[in-house]
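Worksheet: one structure, shown below.
All of the numbers you see were taken from the coordinates with simple rules; none came from a lab. Here the structure is a predicted model, which is why all the values come from computation and not from measurement. So basically every Cβ, Gly included, is an ideal-geometry build from the backbone, and we count neighbours across all protein chains shown.
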Amino acid sequence: MQNYGEILNFKNNNNIFEEDELENINKQTIIISVKQRNAKKYFTIINGIDTKYNYKTLLSDIKKEFQCNGAIVQNKKKETVIQLNGNHKDKIYKFLIDNDLATLDMIKLSGL
C-alpha cells in the first residue's frame with residue numbers, strides 16, 4: 001500500500017479524505033484473471049478498476065496497445081469488467097502500473 005502519511009495530517013487530525021474514501025482506498029483491488037475458452041484460446045478479465053475512469057477510453061487504449069479485441073461486460077455479480085481476447089495477464093499488469101492506474105499491492109493475478 002502507498003504511504004498516505006504525506007496526504008494525511010495526523011497532527012491536526014484533519015484529513016483531506018472522508019472516512020468512506022479512506023476505506024475504499026485501502027480495500028480497492030484489481031483482479032486480473034485468465035481463463036481458457038477452448039483448446040488454444042484464452043481471454044483475460046480485468047475486474048475492480050475504479051469507476052472514476054472511463055471504461056470505453058481505457059478499453060480503446062488497451063486494444064491499441066496490445067493489438068487485440070475486447071469488450072466491456074457484466075460478470076455474474078453484476079460488476080462491470082473488461083474482457084480481452086488472448087492471454088495478456090503480464091502486459092496488463094505492467095500497463096496498469098506504468099499508467100498509474102494501480103500500485104503493485106493493489107493488483108492480484110489469478111488463472112494461468
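Cβ under 12 Å from His88's Cβ, His88 left aside: what net charge do those residues give with Lys, Arg +1 and Asp, Glu -1?
+2
You can think of it this way: the chain between Thr80 and Leu109 has 8.7 nm of extra reach, that is 0.36 nm per residue less the Cα-Cα gap. Check the straight Cα-Cα distances from Lys56 and name the lysines below 29 Å, setting aside those fewer than 8 residues away within the same chain. Answer for Lys56, where 29 Å is the Cα cut-off: Lys27, Lys35, Lys40, Lys41, Lys64, Lys76, Lys77, Lys78, Lys89, Lys91, Lys94, Lys108, listed by chain and number. Taken along the Cα-to-beta-carbon direction at a fixed 7 Å, the label points for Asn99 and Asn38 span 3.0 nm. A cut-off of 5 Å between modelled amide H atoms, ignoring neighbours fewer than 5 places along the same chain, links Cys68 with no other residue.
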